[in-house]
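Below: the structure, in structure tokens.
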Amino acid sequence: MTWTAAKQAARYARLRAAGRCVTCNGGMLPEWHGVRCPSCVERQAESRSSEAAKERRRPLAAKYQRDRYAANREQEAKNQRARRLAKKLRGECIRCSQPASDVSIYCPAHYASEKVRVRDQQRRRRGGGALPR
Ligand SMILES: [Zn+2]
Ligand SMILES: [Zn+2]
């Protein structure tokens, strides 16, 4: 856990134990469920479904996943293999929950992006460098 994450976790635990909203530190009424006040729950739901907010979170989420993978490479690789095998058996794209196309383990969209990725990789290995798409 990073220092910031540890600080955030401590704040969350402190507010939760004190019966305060863990987001805005406001008072909580007994009839409210969960750890956030209704206005924070609403704002969180809005932010979850907003495309702009998703785009802002994307690089952070990618970094989080990369760090998590790097911290425990072997176990994460094992989990990934198991997850991909289960998806393959269900006939799902291994990158998302869409059905896989007949010719590959990817859905048509990820099949296309994977083709581009592999082509660029081969070009780099030949020493060409990636060309603009
Ligand atoms: Zn709140
Ligand atoms: Zn896909």
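Each reported figure results from applying straightforward, stated rules to the coordinates on display, with no laboratory input. These numbers were taken from a predicted model, which means no experiment stands behind them. Counting neighbours? That spans all protein chains shown, and the Cβs are built from the backbone with ideal geometry, glycine included.
Taking a 22 Å limit on the Cα-Cα distance, which of the listed pairs Lys88/Lys115; Lys7/Lys63; Lys54/Lys87 fall beyond it? Write out the running numbers ahead of the final one.
Values: Lys88/Lys115 18 Å; Lys7/Lys63 19 Å; Lys54/Lys87 24 Å.
Beyond 22 Å between Cα atoms: Lys54/Lys87.
Given charges of +1 on the Cβ of Lys and Arg and -1 on the Cβ of Asp and Glu, with all other atoms neutral, how large is the dipole of region 11-133 about its Cα centre, in debye to the nearest 20? List each step's numbers first, then the result.
Details: 31 positive and 12 negative charges, 148 e Å.
Computed charge dipole of region 11-133: roughly 700 debye.
Mind putting together the pair-distance distribution for region 31-78? All Cα pairs, 10 Å bins, whole percent per bin, short to long.
Whole-percent P(r) values from 0 Å outward: 23, 28, 29, 19, 2.
Which cysteines in the chain lack any other cysteine whose Cβ sits under 4.7 Å from their own Cβ?
Cys24, Cys40, Cys96
How far is helix 51-71 tilted off the main Cα axis of the chain, in degrees rounded to 10, range 0 to 90?
Approximately 80 degrees, to the nearest 10.
Kindly provide the GluC sites (Glu not before Pro) of region 1-80 that DSSP labels as loop, not H, G, I, E or B, and whose Cβ sees at most 14 other Cβ atoms within 10 Å. Mind showing how you got there, number by number?
On the way: sites: Glu31, Glu42, Glu46, Glu51, Glu55, Glu74, Glu76; in loops: Glu31.
Passing both the DSSP loop test and the Cβ count: Glu31.
In nm, to one decimal, how far is the modelled label at Ala17 from the one at Arg119, with both set 7 Å along Cα→Cβ?
Using points 7 Å along Cα→Cβ, the separation is 5.7 nm.
Grab the beta carbon distance between Val35 and Gln98, set R0 = 30 Å, and tell me the FRET efficiency rounded to 0.05. Numbers along the way, then the final one.
On the way: r = 34 Å, r/R0 = 1.12.
The computed FRET efficiency comes out at 0.35.
How high is the relative contact order of region 1-129? Use alpha-carbon pairs under 8 Å, at least six apart in sequence, and give a whole percent. It would help to have the intermediate numbers written out before the result.
Working: 74 pairs, mean separation 9.9, N = 129.
In percent, rounded to a whole number, it is 8.
What is the helix-to-structure angle for 3-17, meaning the angle in degrees between its Cα long axis and the longest Cα principal axis of the chain, kept from 0 to 90 and rounded to the nearest 10?
40
Using the basic label-point model (7 angstrom from Cα toward the beta carbon), what is the Arg57 to Gln8 distance in nanometres?
1.1
Given H placed on each backbone N at 1.01 Å, which residues far from Met28 in sequence or on other chains put an amide H within less than 5 Å of it?
Cys21
If I take all pairs of Cα atoms in the chain, what percentage of them are more than 21 Å from each other? All intermediate terms of the calculation are to be shown ahead of the outcome.
Values: 5962 of 8778 pairs.
Considering the chain, 68 percent of its Cα-Cα pairs are separated by more than 21 Å.
How are the alpha carbon pair distances in region 1-58 distributed across 5 Å bins from zero to the largest one, expressed in percent?
Values per bin, smallest distances first: 4, 19, 20, 18, 21, 14, 4, 0.
So what's the angle, to the nearest 10 degrees on a 0 to 90 scale, between helix 73-90 and the longest Cα principal axis of the chain?
So the inclination is approximately 70 degrees.
For the pair Ala82/Tyr69, report the inter-label distance in nm, with labels modelled 7 Å from Cα in the Cβ direction.
My value for the distance between the label points is 1.8 nm.
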